Each structure stands twice: as structure tokens, then as C-alpha cells.
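Visitor: The structure is given below, and queries will be raised subsequently.
The values are calculated or read from the model by the stated rules, or taken from the named source; none is laboratory data. In this text the structure is predicted, and so the values were computed from the model without any measurement. Glycine also receives a Cβ, built like all others from the backbone with ideal geometry; neighbour counts cover every protein chain displayed. SASA here: full protein model, heavy atoms, side chains in, ligands and nucleic acids out. Shrake-Rupley method; radii C 1.70, N 1.55, O 1.52, S 1.80 Å.
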Amino acid sequence: MQKLGINIDAMEDFNASVLKSDYKDTIKLIATLGFGAIFSDMTFLKPPEKIAECCSKYSLEYQFIHAPFKNINDIWYEGLNGDQILKTLCDSVDASSRANVPIIVVHVSSGFVPPPISKTGKERFKTLVSYAQNKNVKIAFENLRVPKYLKWAMDTFKDTSSVGFCWDIGHENCFTTGIDFMSLYGDRLLCTHIHDNQKQLGRDLHLIPFDGKIDFNHMAKRLKNSDYKGPLMLEVFSKNEIYDGVTTEQFYTKAYNAAQKIRNLILE
């Protein structure tokens with residue numbers, strides 16, 4: 001039976017400088033509720049090695065690290081800013097390697113009008129993939145707003161076993177409605193980002209499944225028809241007003257119940 005997973009920062013603000021809660025307590029709660037896997041972002045506030053130690057204590061799988069994506073479009077431009085983005089991504093590879101986390105999730109672009117696909121950017125991504133291969137870390141490229149960037153990456157590295165796909169169900173339904181990414185890249189699926197939204201263009205809400213309008217029966221059928229056996233990983237956040245006043249335990253409990261429902265749909 002597939003493990004259920006969730007991000008450990010569901011109650012935190014993006015790029016928060018101060019944690020609202022001890023991540024160790026959150027990991028303990030996640031394990032107690034019955035989740036079998038987690039993922040984290042890359043931040044000095046939660047060192048991956050420390051997260052890995054805590055996961056080991058509770059027999060949780062630390063499936064992947066989400067690499068930073070702020071200013072990711074700079075990777076397509078010449079100059080020091082793009083070089084720094086590449087270094088940041090390589091730092092994520094290093095962190096994954098040290099913590100024995102097998103995958104990093106990487107964005108290829110940002111926004112609805114990213115810069116042109118450039119020779120400079122292509123070379124940087126090739127450098128990243130080669131660097132990750134040498135560290136025995138896999139890269140999962142995620143679907144976002146403009147599909148041609150993901151297509152470039154998946155086509156370019158189609159024969160690279162260490163490169164695969166991160167299916168973001170929420171993104172598919174609020175950025176690129178009508179495109180079935182599983183039909184394109186499902187045979188290379190490494191991990192998932194499962195969350196809900198109102199299926200409105202640009203509104204990436206990261207709601208708990210079944211709190212929005214996404215058809216999870218359809219999503220479950222596509223996963224059932226694939227060869228993917230990894231964790232069913234939620235990527236949800238409490239920042240929406242519908243969760244005002246909800247405690248950490250209440251939020252993660254609701255998320256666990258939703259994840260169970262999804263797994264049951266797949267098993268039907």
C-alpha cells in the first residue's frame with residue numbers, strides 16, 4: 001500500500017524568518033497521525049540532516065527536498081544572478097546527498113511570461129543534472145505555468161535515468177487546465193504535489209484535497225493507471241482564510257483524512 005506523505009511546513013509562512021512551531025514536534029505529529037513520508041524545503045531554519053535524523057526516529061520516509069525557486073527565471077539570463085541560482089540548486093543537491101534524500105524538486109521557470117529558453121539556461125540545467133548524477137541525487141522537474149519549459153527539460157533529459165517528473169495536481173488545474181501531464185510524463189513520475197484549488201486561473205491555493213473543486217476521482221484514475229508506487233505526497237498550506245483558527249493538529253488531521261480518501265480512490 002502506498003505511503004501517505006505531507007510537507008512539514010504546512011503551518012508556516014513562505015520564506016519565514018522565524019518558525020511558528022518546532023519542526024520536530026510537527027514531524028512527530030505527522031508520524032503519529034499515520035503519515036509515512038514527508039518532504040521539506042531548503043532553509044537554514046530546518047537543516048535537512050536534522051530533519052532526516054528526526055524522520056529516522058519515527059520511521060518516516062524523507063522522499064524529497066524542494067529546491068528554492070525564488071528568482072528562478074534568472075537561470076535563463078547571462079550574468080552573476082543566474083550563476084547564483086545554479087549554485088543554489090547545486091547546494092540543494094549537496095544537502096540531499098548529505099541527508100540521504102534521493103530527490104530534489106526543481107522549477108524550470110516562473111510566472112506566465114518567463115524569459116526565452118536560452119543557450120545559457122540550457123547549459124546551466126545540464127550542469128545541474130550532471131552535478132546531481134555525480135551525487136546520486138535525482139531531479140524531478142515540476143509542471144508550472146508555461147508547459148514548454150518542462151517539455152524542454154523532459155525532452156532534453158529523456159535518456160537520463162536520474163531525471164523525472166514531479167506532478168503538481170494543483171498547478172495543472174489552475175495554470176494549465178486542459179493539459180494532462182500524466183499522459184505526457186507519467187511514465188517518468190518520481191513524486192507528487194497533491195493539493196486543491198478553485199480551478200481559477202492563477203489562483204494556486206494549496207488547499208487540502210476536497211476543499212476546492214479539483215476532480216480527485218479523475219486524478220486517482222490516472223495514478224492508478226500508472227506504475228507509480230511512491231508516496232502520495234500532499235503539498236498543502238494553512239494560509240487560506242478557510243483555515244483561520246485551525247490548530248496544527250486539526251490541519252494535519254484533516255489533511256491525513258483527505259490523503260486516505262485519495263488512496264482509497266486509487267485502490268477502488
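Visitor: Tell me which residues, restricted to the range 250-268, are open to solvent by 40 Å² or more (accessible area, probe 1.4 Å), modelled with pLDDT of 95 or more and among the charged types (D, E, K, R).
Guide: Listed by number, the residues that qualify are K254, K261.
Visitor: State the number of residues belonging to the range 222-268 that are free of Cβ contacts under 8 Å to residues at least 24 places away in the same chain, part of a helix (DSSP H, G or I) and among the charged types (D, E, K, R).
Guide: Total satisfying the criteria: 1.
Visitor: Let me ask something additional. Kindly check whether there is at least one residue in the range 7-25 that is assigned to a helix (DSSP H, G or I), over 20 Å from the mean Cα position of the chain (by Cα), at pLDDT 95 or above and over 21 Å from T192 (Cβ atoms).
Guide: The answer is no; no qualifying residue exists.
Visitor: Is there a residue being touching a residue at least 12 places away in the same chain (Cβ under 8 Å), touching a Lys or Arg at 6+ places or on another chain (Cβ under 8 Å), of a type in the set (A, V, I, L, M) and within 26 Å of I8 (Cβ to Cβ) anywhere in the range 141-155?
Guide: No, that holds for no residue.
Visitor: Next question. Show me the strands (runs of 3 or more DSSP E) found entirely inside the range 110-212 where at least 2 residues are modelled with pLDDT of 95 or more and in contact with a His (Cβ under 7 Å, 6 or more places away or on another chain). Write out each step before concluding.
Guide: Values: elements: 138-142, 163-168, 189-193.
Correct list: 163-168.
Visitor: Further question: Being of a type outside the set (D, E), at pLDDT below 95 and surrounded by fewer than 22 Cβ atoms within 10 Å (Cβ to Cβ) is the filter; apply it to the range 30-53 and report the residue that is nearest to the chain's Cα centre (by Cα).
Guide: M42
Visitor: Scan (1) at positive phi; (2) touching a helix residue (DSSP H, G or I) at 6+ places or on another chain (Cβ under 9 Å); (3) open to solvent by 50 Å² or more (accessible area, probe 1.4 Å) for the single condition K221 breaks and write down its number.
Guide: It fails just one condition, (1).
Visitor: So, of the residues in the range 119-152 that are farther than 13 Å from L86 by Cβ and of a type in the set (S, T, N, Q), which turns out to be least open to solvent (accessible area, probe 1.4 Å)?
Guide: Filtering first and then ranking leaves N143.
Visitor: When the residues of the range 228-249 are narrowed to those that are within 25 Å of A67 (Cβ to Cβ) and open to solvent by 80 Å² or more (accessible area, probe 1.4 Å), which ends up modelled with the lowest pLDDT?
Guide: Checked the range 228-249; the qualifying residue modelled with the lowest pLDDT is K239.
Visitor: Please find, within the range 165-188, the residue that is least open to solvent (accessible area, probe 1.4 Å) out of those that are of a type in the set (A, V, I, L, M) and in contact (Cβ under 8 Å) with a residue 40 or more places away in the chain.
Guide: Filtering first and then ranking leaves I169.
Visitor: Q84 passes all but one of (1) touching an Asp or Glu at 6+ places or on another chain (Cβ under 9 Å); (2) open to solvent by 60 Å² or more (accessible area, probe 1.4 Å); (3) within 22 Å of H171 (Cβ to Cβ); which number fails?
Guide: Just one mismatch for Q84, condition (3).
Visitor: If you don't mind, another one. Working carefully through the options S161, S110, find the one that is of a type in the set (S, T, N, Q), open to solvent by 10 Å² or more (accessible area, probe 1.4 Å) and closer than 19 Å to L190 by Cα.
Guide: Going through S161, S110 in turn, just one is of a type in the set (S, T, N, Q), open to solvent by 10 Å² or more (accessible area, probe 1.4 Å) and closer than 19 Å to L190 by Cα: S161.
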